[in-house]
Each structure stands twice: as C-alpha cells, then as structure tokens.
Amino acid sequence: MTRFIITAVLGLFAFGTATAQQNHDQHAQMNQRGARVMGFDQEKTTHHFYLYADGGAIDVTVNDATGKANLDAIRAQLPHIAMLFSQGNFDAPMLVHGTNVPGTAEMTKLKARLTYKYAETPKGGRLNITTTDAEALAAVHAFLKFQIT
C-alpha cells in the first residue's frame with residue numbers, strides 16, 4: 001500500500017512537472033511570436049487587460065523606464081493595432097497566440113459598433129475599446145478574458 005502511494009505521488013509530481021514545463025514552453029513560444037508581431041520584447045514589457053462596463057482596455061508598459069526602444073515600439077504599435085482592429089483585422093492576436101482568439105469573429109462582424117482609441121501612458125500606451133452594444137460588449141469581454149488567461 002505504501003509503495004502504491006509513493007508511486008502515485010511520484011507520478012503526480014512528474015505529471016505536474018511535465019505540465020509546468022509544457023506551459024512554460026508554450027508561454028515562451030507565444031512571447032517569441034509576440035515579439036515578431038508587435039515589434040517589442042515581451043519579457044521587458046507588461047500587458048494588462050481590463051474589462052469595463054462599456055468595453056475594456058489593453059495596457060502595455062515597459063518594465064524598465066529606461067527601455068526607450070521598447071517604449072517607442074509600444075507607442076508605435078498600439079495606434080497601429082487600433083487602426084487594424086477598427087477595420088476588423090485581428091490577425092495580430094491570432095499570430096501571437098497561434099490560434100483563433102475568442103470574440104474576434106464577432107468583433108469583426110460588429111466592427112461598426114466598436115470604438116478603438118489609443119492613449120499614451122507614462123510607461124507605454126493603452127488601447128481603449130468601447131461600445132454601447134450588448135453583443136459587441138460580450139465579444140470584447142471574450143477577447144480580453146482570453147488574453148487574461
């Protein structure tokens with residue numbers, strides 16, 4: 001009985017370690033794709049995704065305020081992303097995550113009901129997404145919740 005318990009515990013430990021390594025590898029691959037797509041180092045920046053009653057926001061900041069190259073890249077990329085999203089083009093999130101991102105098909109279909117506005121922040125930039133439409137809001141929240149997870 002004791003041998004079975006020890007074997008089971010070791011098996012769970014090995015499974016947990018393998019799963020953690022797989023998650024780490026997937027995250028590293030996503031960061032590499034993100035750097036290619038967005039043009040700034042994902043390890044030297046922080047992304048925050050916010051849900052609001054009228055939409056949400058994507059906030060990207062540099063981790064080190066002296067990181068001017070990444071700061072400039074954030075401030076160049078987010079207005080560009082705002083323009084693409086307003087056209088219903090969500091290729092960037094799909095390329096970064098390597099999968100279709102929830103909410104984007106609906107956001108494309110409902111693009112006229114969504115507003116995208118870029119705002120510069122002291123350490124980066126923020127893309128605000130707003131709507132007064134319930135269906136579009138649900139799509140925005142699905143999109144942002146996927147990013148959060």
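Observations on the structure shown:
- A dipole drawn for region 68-144 from +1 and -1 charges on Cβ atoms has a positive end, and of His141, Ala92, Ile74 the residue lying farthest that way is Ile74.
- Taking the Cα centre of region 41-139 as reference, the dipole from Cβ charges on Lys and Arg (+1) and Asp and Glu (-1) amounts to some 180 debye.
- Under 18 Å of direct C-alpha separation, and excluding same-chain neighbours fewer than eight residues apart, Lys68 reaches these aspartates and glutamates: Asp41, Glu43, Asp59, Glu120.
Any read-out appearing in this document is the output of simple, stated calculations on the displayed coordinates, not a laboratory observation. Just so it is clear, the structure is predicted and the values come from calculations on it, not from any experiment. A quick note on method: Cβ atoms are made from the backbone with ideal geometry, for glycine too, and the neighbour counts reach across all protein chains shown.
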